[in-house]
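Reading through the structure tokens given below for one structure.
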Amino acid sequence: MSTESAGPRALAALTDERVFGLLARDPATRTEISAQLGISKPTASQSILRLQEFGLVSEGRSSAEGKRGRIPERYALRTAYGHVLGVDLSAERLALRASDLAGTVLAERSSPVETSTGAEQLLDTARALRDELQAELGTRRLATGISQAAPVLHAGNGAARVVPTPIFAASGADLAGLFDARSTLLDNDVNWMAVAEYAGRAGSMLLLYLGAGIGSALVIEGRLYRGRHGLVGELETQRLQGRTLLEHLDAGGLVDTRVLFEKLSDPQLWPALIEPLGQVLGNLLGYLDPDALVVTGPGASTALTQKLADRLVGLVPLAGPDIEYSPQGGAGALDGALAGARRYALAEVWNAYRQWQPGRPCH
């Protein structure tokens, strides 16, 4: 980009992002774009032409067949530009979901995960589902977000790897290795759940997940805090009276070879969870002072959340956070991974768009 054109081109790109955002919600005519964004009709027309040339917006189409007179053309995002993919591996299933850049779901695939399913078998299934989706969509995969129900270690250079957990044999499968490393985002399931749960919120939020195990995630002003090694939220290693939280749960009969939430279906076992977990959470909430504590997962419920809130009374200074139960559960991991992939893809698209000059090849 030349120095002379940098200013006008940058302003045009900002306008084009606004037009793109409007069309991501609904198709619109030039007149509607002009009115809703407060720009002139010629500016809207020029923006549409640039977005079409880059490949992000489709040719105008009229939905008023048979009507007399000139019918305004409506413009929409061009699905053929590419798709983003979310992948979620839990102790129960492997799920893949693809969407366009507007967030519209295009296709899904899933397969159950058995206790005996090994990492290599899981990878074979993942390859098959990946290839099925790619054949159905036939468009470029712009980014992939992967969620795995296991700790994920992050290195300083942006690399990440999964640490297998004994909860299920396939937990350490190298799903990220099936995709382009540069455009693949790998994180643990609870972090991705927090990304999905935080949507529409403000301030700070601590997410507590009760499922195959116990996990948590911290979001402050929209930013997910992973820590140096991506281990923020690993509650089971927190120490209490000389033992880890996991050891306390084991002593209470809550640790099994498969999943914690099966145990939590019995309310008589709740005290074995609430007593040690309440003390650990009390320390964290007193230190972090978040706006909200959100409890979710297949082992959580409104009643269990209330019992935990009662236990926290007196352990947290002042009024403490708002304590909420979310039915979103494990489904949020896939939603979060897909949202993360979409956010990454959009950032890459606009970075390329700002460098592109109209009239030149865009890909």
Give me the distance in nm between label points sitting 7 Å out from Cα along the Cα-to-Cβ direction at residue 318 and residue 18, one decimal. 3.9 nm
Report the extension gain between residue 106 and residue 182 in nm, rounded to one decimal, defined as 0.36 nm multiplied by the number of residues separating them, less their alpha carbon distance. 25.1 nm
I'm spelling it out carefully: the read-out is Rg and Dmax of the Cα atoms in Å, the candidates are [x] 23.9, 82; [y] 26.3, 98; [z] 19.6, 60, and one was derived from this structure. Which label? [x]
Could you work out [θ]222 nm for the chain from helices alone, using -39500 (n - 2.57) per DSSP H run of at least four and dividing by all its residues? Round to the nearest 500 deg cm²/dmol. -12500 deg cm²/dmol
So what's the net charge close to residue 215: Lys and Arg +1, Asp and Glu -1, counting the other residues with Cβ under 9 Å from its Cβ? -3
Work out, step by step, the length gained on full extension between residue 114 and residue 199: first 0.36 nm times the residue separation, then minus their alpha carbon distance; give nm to one decimal. 27.4 nm
For region 217-363, what is the charge dipole size about the Cα centre, in debye to the nearest 20, if Lys and Arg each add +1 at the Cβ and Asp and Glu each add -1 at the Cβ? 720 debye
For region 68-151, report the % of Cα-Cα distances exceeding 23 Å. 34 percent
Residues listed by number, region 106-127, amide nitrogen under 17 Å from residue 262 label point at 7 Å toward C-beta: 112-118
When the gyration tensor of region 148-198 is built from Cα positions, what are the square roots of 5 times its three eigenvalues, in whole Å, from largest to smallest? 17, 16, 10
Projected onto the charge dipole of the chain (unit charges on the beta-carbon of Lys, Arg, Asp and Glu, signs +1, +1, -1, -1), the Cα from 315, 29, 134 with the largest positive-side position is that of 29
If you plug each phi of region 125-131 into the Karplus form 6.51 cos²θ - 1.76 cosθ + 1.60 with θ = phi - 60°, what whole-Hz ³J(HN,Hα) values come out, in order, with x for Gly and Pro? 5, 4, 4, 5, 5, 4, 5
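Of 284, 246, 89, which has the most accessible area and how do the rest follow, probe 1.4 Å?
Details: 284 45, 246 70, 89 0 Å².
Ranked list, largest accessible area first: 246, 284, 89.
May I ask you to give the average projected area over all directions of the convex hull of the Cα atoms of region 132-243, in nm² rounded to one decimal? Don't jump to the answer; show the numbers that get you there.
Working: hull surface 37.1 nm².
Orientation-averaged projected area of the Cα hull: 9.3 nm².
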Of 233, 86, 253, the one that fluctuates the most in a GNM where the chain has Cα springs shorter than 10 Å: 253
Say we join alpha carbon atoms closer than 10 Å with springs in a Gaussian network model of the chain; which of 204, 326, 34 then has the biggest fluctuation? 34
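When 1/r is averaged over all different Cα pairs and the result inverted, which Kirkwood radius in Å belongs to region 14-162?
Values: mean 1/r = 0.0548 Å⁻¹.
Evaluated over region 14-162, this radius sits at 18.3 Å.
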For the chain, modelled as a Gaussian network with Cα springs under 10 Å, which listed residue fluctuates most, 222, 38, 177? 38
Can you pull the accessible area of residue 79 for me, 1.4 Å probe, Å² to the nearest 10? 60 Å²
So what is the relative contact order for region 260-321, in percent, with contacts set as C-alpha pairs under 8 Å and at least six apart? 51 percent
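Protein chains only, probe 1.4 Å: how do 174, 189 rank by accessible area, largest first? Display every interim value, and only then the final one.
On the way: 174 100, 189 20 Å².
Per-residue accessible area, sorted high to low, gives 174, 189.
If you rank 154, 83 by how much accessible surface each has, with a 1.4 Å probe, what is the order from largest down? Walk me through the numbers on the way to the answer.
On the way: 154 40, 83 5 Å².
Per-residue accessible area, sorted high to low, gives 154, 83.
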Of all trypsin sites (Lys or Arg not before Pro) in region 153-244, which ones are in loop regions per DSSP and have a Cβ with at most 10 other Cβ atoms within 10 Å? 228
Just the ratio, please: alpha-carbon radius of gyration of region 226-274 over 2.2 N^0.38 Å, N its number of residues. 1.29
Charge sum, other residues only, whose C-beta stays under 11 Å from residue 322's C-beta, Lys/Arg counted +1 and Asp/Glu -1: -1
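The values are calculated or read from the model by the stated rules, or taken from the named source; none is laboratory data. Computed from a predicted model, the values in this text were never measured in an experiment. In this analysis, Cβ positions are derived from the backbone assuming ideal geometry, glycine residues included, and neighbour counts consider all displayed protein chains. Quick note on the areas: whole protein, heavy atoms, side chains included, nothing else; ligands and nucleic acids left out. Shrake-Rupley method; radii C 1.70, N 1.55, O 1.52, S 1.80 Å.
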